[in-house]
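Notes follow the structure.
The values are calculated or read from the model by the stated rules, or taken from the named source; none is laboratory data. Everything numeric here is computed off the predicted structure, so don't read it as measured data. Here the Cβ positions follow ideal geometry from the backbone for every residue, glycine too, while neighbour counts run over all protein chains shown. Ligands, DNA and RNA are excluded from the accessible area calculation, which covers all protein heavy atoms including side chains. Shrake-Rupley method; radii C 1.70, N 1.55, O 1.52, S 1.80 Å.
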Amino acid sequence: MTIVYITGGAELLDAVGPLWEKLNAHHAARSPHFAEQYAVRTFAERKADLFKRPKSTLFRVELARDTEPDHDIGYCVSLVTEDAGVLESIFIEAEYRGQGIGDTLMRHALDWMNSHNVSMKRVVVAVGNEAAFGFYARYGFQPRHIVLQQQ
């Protein structure tokens with residue numbers, strides 16, 4: 001196993017699609033209230049939502065690829081907006097977790113945000129995925145708000 005990291009901008013979003021679908025299925029399986037919405041959400045819709053952001057938004061996409069065999073095994077999508085750095089989405093294939101790949105993606109994303117002098121960084125964690133809190137806490141993220149939603 002040899003892991004390489006490929007970094008770019010919005011032009012790499014399509015490569016994220018298959019892995020995002022797995023993350024979306026993960027959320028659907030764990031969501032106590034919105035599983036059906038996750039189940040019908042497509043990557044095309046998610047991608048369109050990302051491009052609805054102001055033109056001043058900066059995109060960073062990083063893929064983690066196992067070169068033996070050659071396939072993508074993780075990704076991180078980060079944004080810099082007018083008011084914050086945003087960890088938009090991160091996912092690592094289950095069999096590759098615990099090997100430091102998520103750590104590498106997080107450190108790279110946070111370094112990129114810092115290089116743009118953001119004053120605040122945020123990540124949104126779906127209800128049902130609270131197990132991810134420990135991962136994010138290692139980088140200084142703590143829960144601040146709980147948003148209730150009706151749909």
Sequence gap at least 6, Cα distance under 8 Å: using those rules, report the relative contact order of segment 1-123 to the nearest whole percent. 25 percent
Can you give the relative contact order of segment 54-139 as a percent, counting alpha carbon pairs under 8 Å and 6+ residues apart? 24 percent
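Starting from segment 1-88, pick out the chymotrypsin sites (Phe, Trp or Tyr not before Pro) whose DSSP state is loop and whose Cβ has at most 14 other Cβ atoms within 10 Å.
Qualifying residues, ordered by number: PHE51.
Shape of segment 30-151 from its Cα gyration tensor (a ≥ b ≥ c, root eigenvalues): rounded if a/c is under 1.5, otherwise prolate when a/b > b/c, or oblate?
In terms of gyration-tensor shape, rounded.
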Leaving out ligands, DNA and RNA, and with a 1.4 Å probe, what % of the accessible surface on segment 1-137 is carbon or sulfur? 54 percent
Considering only C-alpha atoms, what is the centroid distance from segment 1-33 to segment 39-107, in Å? 6 Å
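Hey, what's the chain come to in accessible area per residue, 1.4 Å probe, Å²?
So the chain comes to 59 Å² accessible per residue, rounded to a whole number.
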Please report, to two decimal places, log10 I(q)/I(0) for segment 7-98 at q = 0.10 Å⁻¹ as given by the Debye formula with identical point scatterers on the Cα atoms and no solvent. -0.28
Which of the GluC sites (Glu not before Pro) found in segment 42-96 are in a DSSP loop and have at most 11 neighbouring Cβ atoms, other than their own, within 10 Å? GLU82
